[in-house]
1. Open to solvent by 10 Å² or more (accessible area, probe 1.4 Å), in contact with a strand residue (DSSP E or B) (Cβ under 8 Å, 6 or more places away or on another chain) and either part of a loop (DSSP other than H, G, I, E, B) or modelled with pLDDT of 95 or more (or both): does that describe L173?
2. List the number of the failed condition for E283; all other conditions in (1) surrounded by 14 or more Cβ atoms within 10 Å (Cβ to Cβ); (2) assigned to a helix (DSSP H, G or I); (3) at pLDDT 95 or above; (4) of a type outside the set (A, V, I, L, M, F, W, C) hold.
3. Cβ-Cβ under 8 Å, sequence separation 6+ or interchain: first residue in region 4-19 and within 21 Å of E283 (Cα to Cα) and among the aromatic types (F, W, Y), partner part of a strand (DSSP E or B) and modelled with pLDDT of 80 or more. Which pairs?
4. In region 37-117, which strands (runs of 3 or more DSSP E) lie fully inside it and hold 3 or more residues that are open to solvent by 50 Å² or more (accessible area, probe 1.4 Å) and closer than 29 Å to A278 by Cα?
5. In region 118-129, what residues are part of a loop (DSSP other than H, G, I, E, B) and open to solvent by 70 Å² or more (accessible area, probe 1.4 Å)?
6. Which residues, counting only those in region 4-33, are in contact with a strand residue (DSSP E or B) (Cβ under 9 Å, 6 or more places away or on another chain), surrounded by 12 or more Cβ atoms within 10 Å (Cβ to Cβ), part of a loop (DSSP other than H, G, I, E, B) and at pLDDT below 95?
7. Tell me whether region 229-243 contains one or more residues that are farther than 25 Å from E269 by Cα, part of a loop (DSSP other than H, G, I, E, B) and open to solvent by 40 Å² or more (accessible area, probe 1.4 Å).
8. Given the criteria buried (at least 21 other Cβ atoms within 10 Å of the Cβ) and of a type outside the set (D, E, K, R), does S161 qualify?
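The values are calculated or read from the model by the stated rules, or taken from the named source; none is laboratory data. Remember, it's a predicted structure, so these values are computed and weren't measured experimentally. Every residue, glycine as well, gets a Cβ built from its backbone with ideal geometry; the counts of neighbours run over all protein chains shown. Accessible surface areas use protein heavy atoms only, side chains included; no ligands, DNA or RNA. Shrake-Rupley method; radii C 1.70, N 1.55, O 1.52, S 1.80 Å.
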Amino acid sequence: MAKKIVVEGREWKNGIQYCEALEEGDILFFSSPPFPFPKEEIDFLLTQRQGSSTARKNIAYKPQIDRITNHEASSPEEATKLKEILKNYSRRVTEVLSTLLAPYAKDWKHDYASFRPFQEKGRKFRTRARNDLLHVDAFPTRPLHGARILRFFTNINPTESRHWITSSGFAELANEYAEAVSIPPSTGYDLKSRLQRKIKQWLRAMGWKIVLRSPYDSFMLKLHNFLKENREFQETCPKDHWDFPPGSCWAVFTDQVSHAAIAGQYALEQTFLVPQKALLCPETAPVSILERMSGRNLVDPEFQREAFPV
């Protein structure tokens, strides 16, 4: 089960200890944002509305293309201001974590930032999309090829805590449920698998939206869905309850720590994708655990190099 590791001050001499804590499945906690966060930016965010798309759970800022999605703006000026605020948040988090978690910074991929303006308690979604059910994170349309999902959250609600529950870590979940979920076959290097890989690459190069999912990504997505749909697990698994007060921040590998957001409104989040080569303890990564259990190669090195070039 995850432990809370309190990070105090803004002068960090040894970020290695925080990386190790994260890779052990702990949660880094900050009582206040470790970066400047102007009140006028927070006040503006508290007035924003999410778009009506049922396919998206949050307002997202995509730094690679510098745009926001799923936002209902009353004017172009309001949309521009929101984008700048989310862009500033993303930049500030990245600057701080580049120091605090320096071993990751040279290799990680800067992923989406998101704003979550809705109240999580009682939110209506299909089962697999619900945030209030315990799960480990996986991306259905953006395969990671063994990379880790590191997320940094900020509760900007001025009066209400954000309430999480956590349960077993990935190693325990894999030991208990790997047979039920079924680890896919190895990527393999026979002629058939190489041909299939080349066809997918060619189709994607032609503009087709082809998901190049590794066996590891397939397992993680199936485990995500299995946990949310498993009523016995949701009701009987061991649980720790967490309250993240107004103004607090926390960081966690959400592909390792099973978690659920059961209440709270107005949170920001920044995601980083950390490749295996940047980890201090790669043997604790979910992909390493699964490959030891199965004796199979679950990540295609070619796709891995494509996702995270040397």
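1. So L173 does not fit the description; no.
2. All conditions are met except number (1).
3. So the pair list comes out as Y18/I5; Y18/L28.
4. 109-116
5. F118, K121, K124, R126 - these are the residues of region 118-129 that are part of a loop (DSSP other than H, G, I, E, B) and open to solvent by 70 Å² or more (accessible area, probe 1.4 Å).
6. V7
7. Within region 229-243 (the criterion being farther than 25 Å from E269 by Cα, part of a loop (DSSP other than H, G, I, E, B) and open to solvent by 40 Å² or more (accessible area, probe 1.4 Å)), the answer is yes, since at least one residue qualifies.
8. Here the answer is no, as S161 does not meet what is asked.
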